[in-house]
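The values are calculated or read from the model by the stated rules, or taken from the named source; none is laboratory data. Here the structure is a predicted model, which means the values were calculated and not measured. Note: ideal-geometry Cβ built from the backbone for every residue, glycine included; neighbour counts use all protein chains shown. Side chains included, ligands, DNA and RNA excluded: accessible areas come from the protein's heavy atoms. Shrake-Rupley method; radii C 1.70, N 1.55, O 1.52, S 1.80 Å.
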Amino acid sequence: PAVDFPTIQITATLPGAKDLFRRALDLDPNYAPAWARLARVYRVLSKYGHGDVGEYLRLAESAFRRALELNPDLSIAHNLYAYFEVEEHGRPQAALSRLLDRARLRGEDPELLAGLVLACRFCGLLDASLAADRRARRLDPGIRTSVAYTYWMRGDYAEAIAHEDQDFAWMRQYALPMLGREAEAIELTHSVEARIVAPMPLAMLQGNRAALEKDRDACEKAHRAVIAGGFHDPEGLYFSARALARTGSIDLAFEVFERVVNGGFCLPQVFERDPWLEPMRARRLAGTAARLPHGRVA
């Protein structure tokens, strides 16, 4: 059935949240959780190309640092900082090590486990990522994690959809085609597009729809806009690369894919079986054959 999403106005809600957290900190500048939440808002504003991307990144790092200075044991800060460390610095192994160290000191903590869902996935530890999610939910049934992406990377697309909790319905759009439900995914994308005002998420949605419709020009145009806007989450860029590959923009797909891997997102077990990457594999195989004697492939 069609999903009736509320109107999404990220350009209004994020600055609004930023102002609210700033007002809270005016009242109590030593309230560490507000610093951690404010840092996340700055990070997301930067991620989706709002305002001065570099300045928001600097403010995010400063706010995270302040939160952890005030309370080095603040689990929510360690959880939210994991996204910054992984997406901005490309250091999933460092995030994994830090969160595991904190977990050994604090015992089972749902926020630390939520951060481990992300860090384990980026390190290719998909079973461990699922285990962290299950333990986090057992401790706090209301905890939010990124486990839907872990299920997608495992090829469990129905579970990925079941764990969708984002307004933009990214996971439904990515998983429905893998279940042979492309028409439903296209309809869903149109529905969400009509409710978005922020340029970068809109371009991402349009690029994904163009991939579903196999419209090469529209797909490439949309994803070039995403890249030009400064989007740099390597996992998010993976979905751009596969969309470009599916529509035949192979050179750009390889360019984006290089950013994915250099950004710390390297899951060979996923890359090898993703059917949308087949044009890239074919190009690479053809290039290898051309360099070997008699066209033999090692």
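Somewhere in the range 142-152, is a residue at pLDDT 95 or above, of a type outside the set (Lys, Arg), within 30 Å of Ala103 (Cα to Cα) and surrounded by fewer than 16 Cβ atoms within 10 Å (Cβ to Cβ)? For the range 142-152, residues at pLDDT 95 or above, of a type outside the set (Lys, Arg), within 30 Å of Ala103 (Cα to Cα) and surrounded by fewer than 16 Cβ atoms within 10 Å (Cβ to Cβ): absent.
Condition check ((1) of a type in the set (Phe, Trp, Tyr); (2) surrounded by 24 or more Cβ atoms within 10 Å (Cβ to Cβ); (3) in contact with a Gly (Cβ under 9 Å, 6 or more places away or on another chain)) across all residues:
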{"position": "Phe84", "(1), (2), (3)": "yes, no, no"}
{"position": "Gln93", "(1), (2), (3)": "no, no, yes"}
{"position": "Glu108", "(1), (2), (3)": "no, no, no"}
{"position": "Leu113", "(1), (2), (3)": "no, yes, no"}
{"position": "Val117", "(1), (2), (3)": "no, yes, no"}
{"position": "Phe122", "(1), (2), (3)": "yes, yes, yes"}
{"position": "Leu126", "(1), (2), (3)": "no, no, no"}
{"position": "Ala131", "(1), (2), (3)": "no, no, no"}
{"position": "Arg134", "(1), (2), (3)": "no, no, no"}
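With respect to the conditions (1) modelled with pLDDT under 90; (2) touching a helix residue (DSSP H, G or I) at 6+ places or on another chain (Cβ under 9 Å); (3) part of a loop (DSSP other than H, G, I, E, B), Asn30 falls short on a single one, namely (1). In the range 91-108, the residues that are farther than 17 Å from Ala77 by Cβ reach residues that are open to solvent by less than 80 Å² (accessible area, probe 1.4 Å) and among the aromatic types (Phe, Trp, Tyr) with C-beta atoms within less than 8 angstrom, at least six apart or across chains, in these pairs: Pro92/Phe122; Pro92/Phe265. The set of residues in the range 22-45 that are surrounded by 22 or more Cβ atoms within 10 Å (Cβ to Cβ) and either aromatic (Phe, Trp, Tyr) or in contact (Cβ under 8 Å) with a residue 60 or more places away in the chain (or both) comprises Trp35, Tyr42. Being within 24 Å of Leu57 (Cα to Cα) and assigned to a helix (DSSP H, G or I) is a description that does not apply to Val192. Please verify whether the range 200-211 includes one or more residues that are part of a loop (DSSP other than H, G, I, E, B) and either open to solvent by 30 Å² or more (accessible area, probe 1.4 Å) or closer than 21 Å to Phe265 by Cα (or both). The answer is no, given that none of the residues of the range 200-211 is part of a loop (DSSP other than H, G, I, E, B) and either open to solvent by 30 Å² or more (accessible area, probe 1.4 Å) or closer than 21 Å to Phe265 by Cα (or both). Residue count for the range 228-255 satisfying the condition of being among the aliphatic types (A, V, I, L, M) and open to solvent by 30 Å² or more (accessible area, probe 1.4 Å): 1.
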